[in-house]
Amino acid sequence: MLKLTLKRQPTYPVEAGTIAPDRWRNLSLPQIGGIALVHGNRSLRLDDFFSIEGDPSDEILEIQGDCRLFKGIGSGMQSGFLKMLGPSGWHTGAFLRGGKIELHGDTGDHLGSEMRGGEIRLFGNAGHAVGGAYSGSRHGMRGGTIFVEGNCGHEVGSKMRRGLIAIRGACGDYLGVNMIAGTIVCLKPAGIRAGAGLKRGSLLCFGGVREIPLNYRRSHHVDLTFLRLLSRFLNRQGFHLPPSVLQQPLARYCGDLLSIARGELLLPEPTP
Amino acid sequence: MSIQVKVNSTKIADTFAEAFPMTACRLIVTAANRNWCQHCALAATGYAASVIGCDTEAGVERFLSEEETPDGRAGVALLFFAFSREGLQKAVVNRVAQCVLTCPTTACYNGIENKEKPIQIGGQLRYFGDGWQMSKVLGTARYWRIPTMDGEFVCEDVFGTIKGIGGGNFLILAQSPEAGLHAAEQAVQAIRQLPNVILPFPGGVVRSGSKVGSRYKSLKASTNEAYCPTLSGIVPSALPESVRAVYEIVIDGLSREDISRAMKVGIQAACISGVIEISAGNYGGKLGPHHFRLSEILGGGNA
C-alpha cells in the first residue's frame with residue numbers, strides 16, 4: 001500500500017488528475033514524488049505537498065489530509081483502490097473506469113462525473129453534479145456505482161446514461177435532470193424539478209420531492225419486483241435500506257412527458 | 001457378461017453408461033410463493049425429456065428459499081440442456097416466453113456465474129415490452145423490466161452456459177414391475193437431493209429405453225428390444241430369466257463428478273428387495289465420450 005500524507009496546504013486549487021493508484025503501479029517512490037501537479041499557474045512536484053511512503057505495486061493508495069483544493073484525484077482510474085481520509089476536492093473519481101474509491105470526508109462538485117465503471121463510496125456530503133455530465137457533454141455517468149452516505153447538491157446524475165447512484169441523505173434540485181437511463185435512489189427529500197427531462201431511467205425518491213413535477217402522470221400502484229431486486233443488491237453492497245423505507249407504499253409517476261416519457265419517478269404514497 | 005460387484009443382494013453388471021457432452025444453463029425463477037414457482041417450473045420444463053424429440057432436456061434442480069434468490073422471494077432452480085448453445089438459446093427463449101413470462105408474479109435470473117459463453121434470454125424477450133421495457137444494470141448484470149398486467153416481469157439479459165453432460169443412466173432389472181417401480185422411485189428420491197443434476201423424464205423414470213436407429217428410416221431411435229421382457233424369447237435378450245421389468249434412470253448433470261455421484265446414490269437406493277441386477281445403457285462406447293463404469297462408480301467392491 002502507498003500512503004500519501006498532506007504536509008503542505010496549497011494556496012490555490014491544484015490539478016491533481018495524475019493521482020491514481022493504477023498509474024503508479026510500476027513507479028518508484030522518487031518517480032512518484034516527481035510527478036507534476038499544476039498549482040495555480042506553476043508546475044510543482046507531488047512531494048512538495050505530500051510525504052510519500054509504502055509500495056505502489058499493489059495499486060492501493062491511501063491519502064490523508066484536507067485535500068479539498070486538489071481537483072480530479074482518481075479521475076480516469078481503471079483499477080485499484082483509492083482511500084481518502086479527509087475532505088476531497090472537485091472532480092474526484094471523474095471519468096472513473098474501474099477500481100474502487102472510498103472517501104471519508106466531504107467532497108466537492110462533479111464526484112464521479114461521466115464515470116464508466118467502478119465504484120465510489122462517499123462517507124460524507126457531496127457537491128453538485130454527482131455522476132453528472134460536464135457542460136456540453138452528451139452523457140453523464142455511463143456505468144458503475146456511487147454510494148453517498150451523506151447529502152448531495154443539485155443536478156445529481158444529470159444526463160446519466162447507465163449505472164446506479166444511491167444517496168442516504170437529501171438531494172438538491174434537478175435530481176436526474178435530462179437523465180437518459182440508469183437508477184438513482186435517494187432516501188431523504190429531494191429538491192424541486194426532480195426528473196426534469198427524464199427519458200428513461202428510475203428515480204426512487206423514498207423521502208419524497210419538494211414538488212411533484214406537473215409533466216408526470218401517476219400510474220397505479222404495484223409491487224415492483226425490481227425494487228426487491230434492487231434492495232437485495234444494495235444490501236449486498238453494504239448500503240442497507242431501512243425496513244421502514246421498503247415497507248412504505250410507493251406511487252409511480254411516469255414521465256417526463258416533455259421528453260419520451262419512458263422513465264419513472266417512485267415517491268411515497270401521499271397520506272390522506 | 002461377468003458380474004463383479006454387489007450392492008445388498010443386487011448384482012451390478014460389469015458395464016458402463018455412455019453419456020454425451022451438452023451445453024447447459026440454469027434459470028432461477030422466483031415468484032410470489034412456492035405454489036407459483038411450481039406451476040412455472042412444471043410448465044417451463046414440460047415436454048423436455050429427451051433431445052431425440054424435444055428441443056431441450058430440462059428439469060427442476062431444486063426449490064430455493066427466500067434467502068437464496070436474487071429478489072428475496074421463493075424460487076426454483078431449473079436446468080436446461082441442449083447439444084449447442086444456439087439450440088439452447090432458442091429453446092430457453094421460447095420456454096421462458098411461453099411459460100415463465102406468462103406465469104403470474106414470476107421473475108427469471110441467471111444461475112450460472114460464468115458468462116464467458118452466454119446466451120441471451122432477457123435481451124430477446126424485452127421486445128415484448130413494445131418500447132415500454134426498461135433496462136437496469138446492477139453490478140455486472142443487466143436486467144430487463146417488461147410491463148405486464150400484474151406489474152412487471154424482470155428477466156436477466158444474458159445467462160451463463162456450461163459444458164454439461166447428458167445421458168448418464170442406469171437400468172433397474174427387477175423381478176416384477178411393482179418391485180422395479182418402487183426401486184426406481186427410491187432412486188429418484190435419493191438423486192433429487194443432489195445439486196447440479198436433473199432427471200428429465202416423467203417422474204425421473206424411463207420405461208421405454210431406446211437403441212440407436214430403427215428398421216424404419218425416419219426414426220432416430222427405437223425400442224431397445226434386448227431389454228423388453230415380452231420379447232425375451234424371440235430376440236437376443238439382455239435379461240436374466242427372473243427379470244420381468246426394467247426401468248431406466250436418466251441423469252443430466254453439470255459435470256462428470258455430479259453424474260457419478262448421482263448414479264452412485266441412485267444405484268445404492270435402488271438396490272432393494274426384488275431388484276435382480278443394475279445395468280447401464282451404452283452404444284459400445286462409439287457415440288459418447290463420457291463412460292461411467294458402474295463398478296468404478298460404486299467403489300470397485302461390494303458396497
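Taken together, the values in this text are just the output of simple stated rules run on the coordinates, not laboratory data. Computed from a prediction, not measured in an experiment: that's the story for all the values here. In this analysis, Cβ positions are derived from the backbone assuming ideal geometry, glycine residues included, and neighbour counts consider all displayed protein chains.
Odds and ends about this structure:
- With contributions of -39500 (n - 2.57) from each DSSP H run of at least four residues, the per-residue ellipticity at 222 nm computed over chain A stands at -2500 deg cm²/dmol.
- Filtered GluC sites (Glu not before Pro), the range B:208-248: DSSP coil and at most 13 other beta carbons within 10 Å: B:241
- Simple rule: put +1 on each Lys or Arg Cβ and -1 on each Asp or Glu Cβ in chain A, find the dipole, and look at A:212, A:61, A:9; the Cα lying farthest toward the positive end is A:212.
- Cut-off under 5 Å, modelled amide H: who pairs with residue A:122 long-range: A:103, A:147, A:148, A:149
- Around the amide H of residue B:121, modelled in the peptide plane, lie the amide H atoms of B:158, B:159, all under 5 Å away and 5 or more residues distant in sequence or on another chain.
- Over the residues of chain B, the helix contribution to mean residue ellipticity at 222 nm works out to -6000 deg cm²/dmol, using -39500 (n - 2.57) for each DSSP H run of at least 4.
- For the range B:237-303 versus the range A:107-151, the inter-centroid distance based on Cα atoms is 59 Å.
- Couplings for the range B:223-230, taken from phi via the Karplus curve 6.51 cos²θ - 1.76 cosθ + 1.60 with θ = phi - 60°, read 4, 8, 4, 5, 10, 8, x, 6 Hz in order; Gly and Pro are left as x.
- In the structure shown, the pairs B:11/B:264; B:163/B:264; A:188/B:136; A:159/B:136; B:115/B:220; A:83/A:199 are assessed against 24 Å; a Cα-Cα span above that value is assigned to B:115/B:220; A:83/A:199.
- Share, in percent, of DSSP beta bridges within the protein assembly as shown that are antiparallel, nearest 5: 65
- Rg over Rh [alpha-carbon atoms, Kirkwood Rh] for chain A: 1.03
- Per-residue mean of foreign Cβ neighbours for A:231-237 is 3 (Cβ atoms of other chains, 10 Å radius).
- Over all distinct Cα-Cα pairs of chain B, the Kirkwood formula returns a hydrodynamic radius of 20.2 Å.
- Spin-label pair residue B:219/residue A:211, simplified geometry with 7 Å Cα→Cβ offset, distance in nm: 7.8
- With neighbour counts taken as other beta-carbon atoms within 10 Å, the residues B:155, B:103 rank, fewest first, as B:103, B:155.
- The protection proxy used here, the mean number of other Cβ atoms lying within 10 Å of each residue, ranks peptides A:199-211, A:123-135 as follows, highest first: A:123-135, A:199-211.
- Inter-chain shielding of A:215-226 (mean C-beta neighbours from other protein chains, 10 Å cut-off): 4
- Per-residue shielding of B:147-156, expressed as the average number of other chain Cβ atoms within 10 Å of the residue Cβ, stands at 3.
- Amide H within-cut-off set for residue B:17, under 5 Å, with H built and near neighbours excluded: B:292, B:293, B:294
- When every Cα-Cα distance of the protein assembly as shown is counted in 20 angstrom steps from zero, the calculated P(r) takes the values 19, 37, 27, 15, 2, 0 percent.
- In the range B:23-162, the alpha-carbon atoms span a convex hull of 96 Å³ per residue.
- Along its three principal directions, the equivalent ellipsoid of the range A:109-268 from the Cα gyration tensor extends over semi-axes of 20, 19, 14 Å, largest first.
- Cβ-to-Cβ counts within 10 Å put B:162, B:267, A:63 in ascending order as B:162, A:63, B:267, the fewest first.
- The string of couplings for the range A:16-31 from the Karplus curve (6.51, -1.76, 1.60, θ = phi - 60°) is 10, x, 7, 7, 7, x, 5, 6, 9, 3, 9, 9, 7, 4, x, 5 Hz, one whole number per residue in order, with x for Gly and Pro.
- For the range A:55-61, Karplus couplings with θ = phi - 60° (6.51, -1.76, 1.60), whole Hz, Gly/Pro x: 10, x, 5, 8, 6, 10, 10
- Order of A:142, B:293, B:192 under a 10 Å beta carbon neighbour criterion, fewest first: B:293, B:192, A:142
- Relative to the dominant Cα principal axis of chain A, helix A:225-236 is inclined by about 30°.
- Values of log10 I(q)/I(0), in the order q = 0.13 Å⁻¹, for the range B:241-303 under a Debye, Cα-only, solvent-free model: -0.39
- Kyte-Doolittle at least -0.5, axis length at least 18 Å by Cα - qualifying DSSP helices, chain B: B:177-191, B:256-270
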